[in-house]
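S.K.: Just dropping this structure here.
The values are calculated or read from the model by the stated rules, or taken from the named source; none is laboratory data. Note that the structure is a prediction, hence the values are computed from the model and not measured. Here Cβ is always computed from backbone atoms with ideal geometry, including for glycine, and neighbour counts include all displayed protein chains. For accessibility, only protein heavy atoms count, side chains too; no ligands or nucleic acids. Shrake-Rupley method; radii C 1.70, N 1.55, O 1.52, S 1.80 Å.
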Amino acid sequence: VQLQASGGGLVQAGGSLRLSCAASGRTLSHDALVWFRQAPGKEREFVAAVRRPTRSTYYADSVKGRFTISTDNSKNLLYLQMNSLKPEDTAVYYCAARLIWNVQYYNPVHYSLWGQGTLVTVSS
């Protein structure tokens with residue numbers, strides 16, 4: 001399975017973007033589907049996760065109420081709807097997957113399957 005993230009771009013503060021992560025190769029059957037982001041000079045940080053068996057979702061405090069993670073299992077797609085974007089949301093966004101859910105879902109070290117990243121730039 002390979003992941004490919006898309007949908008990034010330049011948007012003004014307060015605007016919206018929807019990121020997509022497409023799985024190719026075979027059906028995505030991973031329990032954990034996650035979005036991380038990495039701003040210049042900073043470490044990769046957790047953004048949002050979905051635990052597919054329970055459909056539970058988890059968000060970083062910084063994006064809670066503004067971002068929504070979702071999946072379209074029929075199309076093997078993962079989404080991140082981003083609303084009310086702020087300049088501090090500027091980063092490269094990565095999707096990742098893990099076969100078995102891990103309680104430390106927010107830690108990037110637990111993921112071995114990654115998309116290539118898509119750049120989101122929010123201007124003030």
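S.K.: Could you pull out every one of the strands (runs of 3 or more DSSP E) wholly within the stretch 19-64 that has 2 or more residues that are among the basic types (Lys, Arg)?
M.R.: Working: elements: 32-38, 45-51, 56-59.
Strands (runs of 3 or more DSSP E) meeting the threshold: none at all.
S.K.: Separate question: Taking the residues in the stretch 73-99 that are part of a helix (DSSP H, G or I) and either of a type outside the set (Asp, Glu) or modelled with pLDDT under 95 (or both) as candidates, determine which candidate is most open to solvent (accessible area, probe 1.4 Å).
M.R.: Our first condition is that a residue be part of a helix (DSSP H, G or I); within the stretch 73-99, this holds for 73-75, 87-89.
Checking which are either of a type outside the set (Asp, Glu) or modelled with pLDDT under 95 (or both) leaves us with 73-75, 87.
On the way: Asn73: 96, Ser74: 109, Lys75: 129, Pro87: 55 Å².
Step by step, filter the stretch 73-99, then rank; the result is Lys75.
S.K.: Give me the residue from the stretch 23-38 that is at pLDDT below 95 and within 15 Å of Asp72 (Cβ to Cβ) and, out of that set, most open to solvent (accessible area, probe 1.4 Å).
M.R.: In this case the residue turns out to be Thr27.
S.K.: Another question, if that's okay. Considering only residues of the stretch 102-123 that are free of Cβ contacts under 8 Å to residues at least 60 places away in the same chain and open to solvent by 90 Å² or more (accessible area, probe 1.4 Å), which is farthest from Gly8 (Cα to Cα)?
M.R.: Top of the filtered list is Val103.
S.K.: Could I ask something else about it? Checking the structure you have, find out if any residue of the stretch 39-54 is at pLDDT 95 or above, open to solvent by 60 Å² or more (accessible area, probe 1.4 Å) and of a type in the set (S, T, N, Q).
M.R.: The answer is no; no qualifying residue exists.
S.K.: Check off (1) among the hydrophobic types (A, V, I, L, M, F, W, C); (2) buried (at least 18 other Cβ atoms within 10 Å of the Cβ); (3) in contact with a Pro (Cβ under 9 Å, 6 or more places away or on another chain) for Ala13 and give me the number that stays unchecked.
M.R.: Among (1) among the hydrophobic types (A, V, I, L, M, F, W, C); (2) buried (at least 18 other Cβ atoms within 10 Å of the Cβ); (3) in contact with a Pro (Cβ under 9 Å, 6 or more places away or on another chain), Ala13 violates only (2).
S.K.: Which numbered condition trips up Leu10, out of (1) hydrophobic (A, V, I, L, M, F, W, C); (2) within 19 Å of Leu113 (Cβ to Cβ); (3) in contact (Cβ under 8 Å) with a residue 60 or more places away in the chain?
M.R.: Single failed check for Leu10: (2).
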